[in-house]
1. Rounded to the nearest 10 Å², what accessible area does ASP363 have for a 1.4 Å probe in the complete protein model?
2. Sort out for me the Cα centre separation of region 341-362 from region 135-180, rounded to whole Å.
3. In percent, how large is the relative contact order of region 259-314, given Cα pairs closer than 8 Å and 6 or more residues apart?
4. If I ignore ligands, DNA and RNA and count only protein heavy atoms, how much of TRP221 is accessible to a 1.4 Å probe, in Å² to the nearest 10?
5. With θ set to phi - 60°, apply the Karplus curve 6.51 cos²θ - 1.76 cosθ + 1.60 along region 248-258 and write out the HN-Hα couplings as whole Hz, x wherever there is a Gly or Pro.
6. Exactly which GluC sites (Glu not before Pro) in region 190-292 are in a DSSP loop and have at most 12 other Cβ atoms within 10 Å?
7. Averaged per residue, what accessible area in Å² does the chain show with a 1.4 Å probe, protein chains only?
8. Which lysines have a Cα lying under 27 Å from the Cα of LYS404, excluding residues fewer than 8 positions away in the same chain?
Amino acid sequence: MEIKYQGPLRGEITVPGDKSISHRSVLLGALAKGQTQVQGFLAAADCLATINCLRQLGITITIEGTTVLIDGGGPEKLQEPGNILDCGNSGTTARLLLGILAGLPFFSVITGDDSLRRRPMARVTEPLQRMGGRFWGKDDGRFLPIAVKGGRLQPINYRTPVASAQLKSALLLAGLFAEGITTITEPHQSRDHTERMLTAFGAEIWQKDTTVSLTGRPELWGRNISVPGDISSAAFLLVAASIVPGSDLMLRNVGVNPTRTGILDVLQQMGARIKVENSRVLNGEPVADLHVQSADLQGVEVGGALIPRLIDELPVLAVAALFARGRTVVKDAQELRVKETDRIAAVAEEFAKLGAKVLPTDDGFVIEGEQILTGGTADSRGDHRMAMALGIAALRSAAPVKIKNHACVSVSFPDFWQALTKLQQ
Ligand code: S3P
């Protein structure tokens, strides 16, 4: 795929549904009694992997465009699958399913693609084992494929070593099967979509600072859910419109849950012209329209509690930093090393192929701004967010950029390349 500057980004767009919320809508719909109807579902590879796994577990799910119907019957309806469950590229599918499978009285095996089979799973299986789940996996249970034999679970009071919504959610989902109160404390607050949606489905959940507690064995009831647009997808366009002079873009119906809006805070701190308009609440999730116009950006320092609030946006934040005035420092982001690819190495090495200088550190990167990109050929390494970040960098390159493995955008933003072209007309 060759990308080159074709003009400022103008007009309006509705970005695809939120990936995290879409996964959770079908998982909770499957665990709840009665029908759940989801509108605005992200019908992209990651969330379709979750649907396929649930179908193999005996749940009837129909998809029509972005509307999904789930016929739940409570956890009893889930049955032993006849074959291995394939989570594809999706860490959320694998880790959240491990939490559910730990509480179900049957045998199952889950696996994923080359990237997912390299990602750490022990952070999830260790506490789940303490709750009573049994796991056998590659390399002493640390990697997929993992076999699970679920059963009676005990509640847990657990302090997580990392701020990870996938880990927290896996334990909360397992906590649904345990009699008593499950409590999880994180080093920093991670995204809270599971908590919000469990509350909407009828569970009893309460939160204080970075500690969340859940009463086990609730009765969950199916309901209607509208999924807002994914701020992680919107982020690519927010950065694009900020760095391409003359841009003026309206992004409609974007989820602005405060556990996800680190990118808005940081871009605004950099001097971006982003207005949050028409704020409203949709099924317990804050939503707004985002109006962005090009601006001169300044470098910024990012670390600590902000990191989990913009973890998926760091590759595209690097693009903003390349064209900002002054230095940008990202630290405390070791988790980038275990994403779909090692995103610290990928950002440093792939942007270098376009003439950029990014200094990788153990837990982030340092970028001196006002760089001139020469263009060239870079590889997404099969990572959707790397592909899109490279695509945005191309808009400010002196010569066209060729992106290898561009099709992986199907994981979270299937129409990304078409949208980028259309917004530049
Ligand atoms: C997600 C949590 C984050 C994020 C991922 C989606 C989720 O991962 O990077 O894209 O839906 O819970 P971690 O839990 O590993 O931080």
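1. We get 40 Å² for ASP363.
2. Taking the Cα centre of each part, region 341-362 and region 135-180 sit 33 Å apart.
3. Value for region 259-314: 44 percent.
4. 130 Å²
5. Couplings: 7, 10, 10, 9, 8, 6, 9, x, 10, 3, x Hz.
6. Answer by residue number: GLU204, GLU219.
7. 37 Å²
8. Here the lysines satisfying the reach criterion relative to LYS404 are LYS4, LYS19, LYS339, LYS353, LYS357, LYS422.
The values are calculated or read from the model by the stated rules, or taken from the named source; none is laboratory data. Given the structure is predicted, the values throughout are model-derived calculations rather than measurements. Glycine gets a Cβ as well: all are built from the backbone with ideal geometry, and neighbour counts include every protein chain shown. Just so you know, the surface numbers come from the protein's heavy atoms only, side chains and all, with ligands and any DNA or RNA stripped out. Shrake-Rupley method; radii C 1.70, N 1.55, O 1.52, S 1.80 Å.
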